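All remarks here apply to the structure that follows.
The values are calculated or read from the model by the stated rules, or taken from the named source; none is laboratory data. Just so it is clear, the structure is predicted and the values come from calculations on it, not from any experiment. We place every Cβ from the backbone using ideal geometry, glycine too, and count neighbours over all the protein chains shown. For the accessible areas, the whole protein counts, side chains as well, though only heavy atoms, and no ligand, DNA or RNA atoms are used. Shrake-Rupley method; radii C 1.70, N 1.55, O 1.52, S 1.80 Å.
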Amino acid sequence: MRLEVNDLHVRYGRVHAVRGVSLTVEEGEVVAVLGANGAGKSSLLKALMGLEPAAEGRVILDDADITRWPTSRRVRQHLALVPEGRRIVTSLTVHENLLMGAFARKDVRSVDAEIADIYSRFPNLAARRDAFASVLSGGEQQMLAIGRGLLSAPKLMMLDEPSLGLSPRLTNEVFALIGELNRSRGLAILLVEQNTHKALELAHRAYVLELGRKVMEGLPSKLRDDPSLRDAYLGRAEPRKHVAG
C-alpha cells in the first residue's frame, strides 16, 4: 500500500496547523515524522485518517483520492491510526476493546484467530482479557491500542507518539514490536514520535515538521548528520519553543 500526500493544509479557525505538507509512504516502508510539540504532527495524522478535514491538498492511497472520504471508508481501505494517548475505552474489557478494532470486518473466523495471535504476543493482555482496560499499566494500554489497530487489518498503520509516558524499557518493547510488525507482515508504518533517536533507528526515511511546515526530509543517516536537527532534537541543545498547532 502506498500513501501520497500533496500540499496538505489543516486549519482550526485562524490556526494554520499544517502548511502545505507533502510526503510519501511506500509499500512496506517505515516513515517517521519528527518535530517538537506544536509542529503539526498529530494534526497531519488526523487529517490523513479523516478525523479533521483537509482545508487544501490531496491524500492518495493506492491511486485512489481519499481526501474527502469518511474515516470509516478509510478503515475499510486498510488504513489505521493508533492515536496519541492510546484512547482505549477504559469502561470496556480488554477483549471488548480488541473487538472494537474489527468493527468493519466480516471475516469473523479470521478475527478470532487474530485476537488469539495478539494474546499470544501480549500474555499480560491475555491474562486480563475479561478485566476492564482501566486496570492496565501504560505499557499494557499501548499494546492494547496497537492490537486494536491491527484488528482492522491495516496495510498502513499510523502511530502517534507510541512511546509517550512510557519507561525506557517499555519504549524499547514498543519499538521492537513496531519493527517486527513491519518485517514480518510487510506493514507500512507512518510514525509520529518525539523520541528522535528511537524513531531514526527504526525508520527507512524521515520528515521533520516545524510550525506546520516540512523543513527537512531524507534518510536517517542524513538527518542524524544535519547540524540543525542534531542540535534541536538529538540533545545538543534545547529545542526551540513552538506555538500550539
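Which is closer than 30 Å to residue 4 by Cα and not in a loop (DSSP other than H, G, I, E, B), of 194, 142? Residue meeting the stated conditions: 142.
Of the residues in segment 3-17, how many are among the small types (Gly, Ala, Ser) and not in a strand (DSSP E or B)? The number of residues fulfilling the criteria is 1. Cβ-Cβ contacts under 7 Å between residues 6 or more apart (or on different chains), taken from a first residue in segment 176-199 that is in contact (Cβ under 8 Å) with a residue 12 or more places away in the chain and more than 12 Å from residue 34 (Cβ to Cβ) to a second residue that is open to solvent by less than 10 Å² (accessible area, probe 1.4 Å) and in a helix (DSSP H, G or I), are listed as 177/146; 187/181; 189/178.
Among residues that are modelled with pLDDT of 95 or more, under 20 Å from residue 18 (Cα atoms) and open to solvent by less than 20 Å² (accessible area, probe 1.4 Å), residue 187 is not included.
Taking segment 24-40 as the range and being open to solvent by 10 Å² or more (accessible area, probe 1.4 Å) and modelled with pLDDT of 95 or more as the test, the residues that pass are 24, 26, 27, 28, 29. Would you say residue 5 is under 21 Å from residue 71 (Cα atoms) and touching a residue at least 40 places away in the same chain (Cβ under 8 Å)? When the stated conditions are applied, residue 5 passes them. Cβ separations smaller than 7 Å between residues 6+ apart or across chains give the following pairs from segment 114-135 residues that are in a loop (DSSP other than H, G, I, E, B) to residues that are loosely packed, with under 13 Cβ neighbours inside 10 Å: 128/135.
If you take the residues of segment 200-222 that are hydrophobic (A, V, I, L, M, F, W, C) and in a loop (DSSP other than H, G, I, E, B), which of them is nearest to residue 36 (Cα to Cα)? Within segment 200-222, the match that is nearest to residue 36 (Cα to Cα) is 211. Here the condition is being modelled with pLDDT under 90, more than 25 Å from residue 69 (Cα to Cα) and either surrounded by fewer than 15 Cβ atoms within 10 Å (Cβ to Cβ) or polar (S, T, N, Q) (or both); of 109, 121, it holds for 109 alone. Looking at 21, 75, which one is in contact with a Leu (Cβ under 6 Å, 6 or more places away or on another chain) and in contact (Cβ under 8 Å) with a residue 24 or more places away in the chain? Result: 21 is the single residue among 21, 75 that is in contact with a Leu (Cβ under 6 Å, 6 or more places away or on another chain) and in contact (Cβ under 8 Å) with a residue 24 or more places away in the chain. On the basis of being open to solvent by 30 Å² or more (accessible area, probe 1.4 Å) and either modelled with pLDDT under 90 or under 23 Å from residue 23 (Cα atoms) (or both), does residue 135 make the cut? No: the conditions fail for residue 135.
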